[in-house]
Amino acid sequence: MKHGFRWGMGLGAMATVLGSLGMWRAEELAHPELIEILTPELVRLPSLPPLPLPPPAADGRAEQIRVRVLSASSGAPLAGAMVALLRGKADLAQPLEAAFTNAEGVALFTEAQGGLFAVCARGAGHAEECEAEVGVVAGGELSVELRLPPGAVVEGQVRQHDGLPAAGVRLMAMGTAMNGRMTVMPTQAVTDAEGRYRLDGVSPGYVRVTPFAPEGPGNVREVQDEVTVGAVARLDIQLAGFAPVTVHLDIAEGDRDADVRSVSLSGALRRQPDGSWTGASEAGSQRAGAHGYIGWGWAGGGMPVVLTPGVAATFRFPFVYDRTSGVIPRGPPSPRDEDVEANRFELAGRVFLPDGTPVKGGIRVSTEAPMYIGRCGNVPRIHSHHRFEGAEFVIRPMVGEREVYAWLDDGRAGKITVRGRVGERVSADIRLEETGAVVGQLEVDDDYYSNRSEVIVVDGMWYGVWHRSGEDGRFTVAGLSPGKHSLVTPAGTLDFNINARERTNVGLLKKQPPEEVSAASP
């Protein structure tokens, strides 16, 4: 009892004390006193730099590729022209990655993947024009303007071997233009229910047409005469029917390093797991052919054959070294044209101005292709000059140690040295220097091949990676330091001055007559 009573008195006293404290706390809160707390300097952390952005990528969808197509003669927008993205050499067996221009002459690609490609257009009575080297990163944008020269039309009707109209046959036309340049973008059309087709926008010159029927590819047909500007040429095609074909190759025991790259008749056959090649070919007289390599030399084989529509045929012939090629049949491994794409690495980065800010607008990123053994004659070095919009780029140099260059139209340029292995992804940025450019136009002949970029030399050097030439002779050489320079061309020698961030225009440079060149020679 006494213990419990004492505990009860203790609780009462505690309640009285807590009540008094509560009243005091309430009064303090009603009249607060502000106290300034000073933070020591050592507690204040410096602001951290922003995290570096991840390198750009090419394997993703581009935001938009916008192509505007105009007539080179009138400047008017061309509606209904076909625009294609060509990622490497055009494969006639595959439809084009293409879109058509609207009434404003604009074609939009909103689902295209990033990467490196050429943008070409033709149609609406106009021939091919391309911007051959452009690039766009995943999520990036690209704008292209193409001015098309006058073209021609090839039209006709396709019939099956029984004479009935052949509907749904895709026709792909390629040719050699009048100036000797091979066309890049095929002209594409599909026959209607009556077998009729119209290939609009064919480049004037010699035209070859390949029909692709549902059964397989047919033989190449040629327009009889050279197609002229504005002409409407006629080419009617009657297919001979198709036959299934199997080809076996006999390879000698000592040629087990043989590398068969293709077997074809009217079209390419497919390699099978057992080593045979199968497919369909147009009937009639054909030649079965195989092409590839044995060791370090070219090899092949073939034989004439006759095919009957609907009747399966099997052929066998040897695959041997081509002794007429003049190439040594044995030796160390050598990269070949077909292997170029497999011997690359990916380089992703950004281009910065001399003050460290990212470039805005267009840039060109250049790299030199390697010189392989077997490169003969005074062949110029080959460079790519891909144009990107914005500071980001992704290119695919050849494996090994490579110098990569970037430049702007105002002449500012920079370079880096990188090394990469097959399939590797490398990230590196390029900072530009305060340089300038010389621009001009060199008088050219009608022959396409007379306008070669290696004929322009500055200060005794050929600036191939910073040098870009057009078919009309216009040229740009960027990356030149401020000061006096000397330009040597077939038109003679010209001294000029360079200012940073400026383009020095030397105008039209006419070629000297042969007698003047001889008189000027020491």
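Data for the structure
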{"item": "Residue satisfying condition, being crowded, with 19+ Cβ neighbours inside 10 Å and more than 29 Å from the chain's Cα centre (by Cα), within set Ala173, Ala243", "result": "Ala243"}
{"item": "Residue match in the stretch 169-192 (condition: touching a Lys or Arg at 6+ places or on another chain (Cβ under 9 Å), of a type in the set (Gly, Ala, Ser) and not in a strand (DSSP E or B))", "result": "no"}
{"item": "Residue in the stretch 264-277 that is out of contact with any His (no Cβ under 9 Å at 6 or more places or on another chain), touching a residue at least 60 places away in the same chain (Cβ under 8 Å), in the same structural domain as Phe315 (by TED's automatic domain parsing) and part of a loop (DSSP other than H, G, I, E, B) present", "result": "yes"}
{"item": "Looking only at the stretch 112-131, and only at residues there that are outside any strand (DSSP E or B) and within 17 Å of the chain's Cα centre (by Cα), the one that is nearest to Val83 (Cα to Cα)", "result": "Ala112"}
{"item": "Residue among Arg287, Arg261, Arg208 that alone is among the charged types (D, E, K, R), in a strand (DSSP E or B) and within 25 Å of Met82 (Cα to Cα)", "result": "Arg208"}
{"item": "In the stretch 281-309, the residues that are under 19 Å from Arg270 (Cα atoms) and either among the charged types (D, E, K, R) or out of contact with any strand residue (DSSP E or B) (no Cβ under 6 Å at 6 or more places or on another chain) (or both)", "result": "Glu282, Arg287"}
{"item": "Unmet criterion (only one of (1) over 21 Å from the mean Cα position of the chain (by Cα); (2) at pLDDT below 95) for Ala58", "result": "(1)"}
{"item": "Number of positions in the stretch 387-413 that are touching a Pro at 6+ places or on another chain (Cβ under 8 Å), among the small types (Gly, Ala, Ser) and more than 12 Å from Val359 (Cα to Cα)", "result": "1"}
{"item": "Residue in the stretch 414-428 that is closer than 22 Å to Thr357 by Cα, touching a helix residue (DSSP H, G or I) at 6+ places or on another chain (Cβ under 9 Å) and either modelled with pLDDT under 80 or in the same structural domain as Arg396 (by TED's automatic domain parsing) (or both) present", "result": "yes"}
{"item": "Scan of the stretch 281-316 for residues that are buried (at least 20 other Cβ atoms within 10 Å of the Cβ), of a type in the set (A, V, I, L, M) and in contact (Cβ under 8 Å) with a residue 60 or more places away in the chain, ordered by number", "result": "Ala283, Leu307"}
{"item": "Every pair of residues 6+ apart whose Cβ atoms lie under 6 Å, when the first sits in the stretch 195-216 and is outside the structural domain of Ala93 (by TED's automatic domain parsing) and at negative phi while the second is surrounded by fewer than 21 Cβ atoms within 10 Å (Cβ to Cβ) and of a type in the set (S, T, N, Q)", "result": "Arg196/Gln157; Pro204/Thr228; Tyr206/Thr176"}
{"item": "Val134, sole failed condition from (1) assigned to a strand (DSSP E or B); (2) surrounded by fewer than 23 Cβ atoms within 10 Å (Cβ to Cβ); (3) modelled with pLDDT of 95 or more", "result": "(2)"}
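Residues are listed down the side, and each one gets a yes or a no for (1) surrounded by fewer than 18 Cβ atoms within 10 Å (Cβ to Cβ); (2) more than 29 Å from Glu155 (Cα to Cα):
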{"residue": "Val209", "(1), (2)": "no, no"}
{"residue": "Glu222", "(1), (2)": "yes, no"}
{"residue": "Val229", "(1), (2)": "yes, no"}
{"residue": "Gln238", "(1), (2)": "yes, no"}
{"residue": "Ala252", "(1), (2)": "yes, yes"}
{"residue": "Arg261", "(1), (2)": "yes, yes"}
{"residue": "Ser266", "(1), (2)": "no, no"}
{"residue": "Arg270", "(1), (2)": "yes, yes"}
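The values are calculated or read from the model by the stated rules, or taken from the named source; none is laboratory data. As the structure is a prediction and not an experimental result, all values here were calculated from the model. Neighbour counts are summed over all protein chains in view; Cβ atoms, including those assigned to glycine, are modelled from backbone coordinates with ideal geometry.
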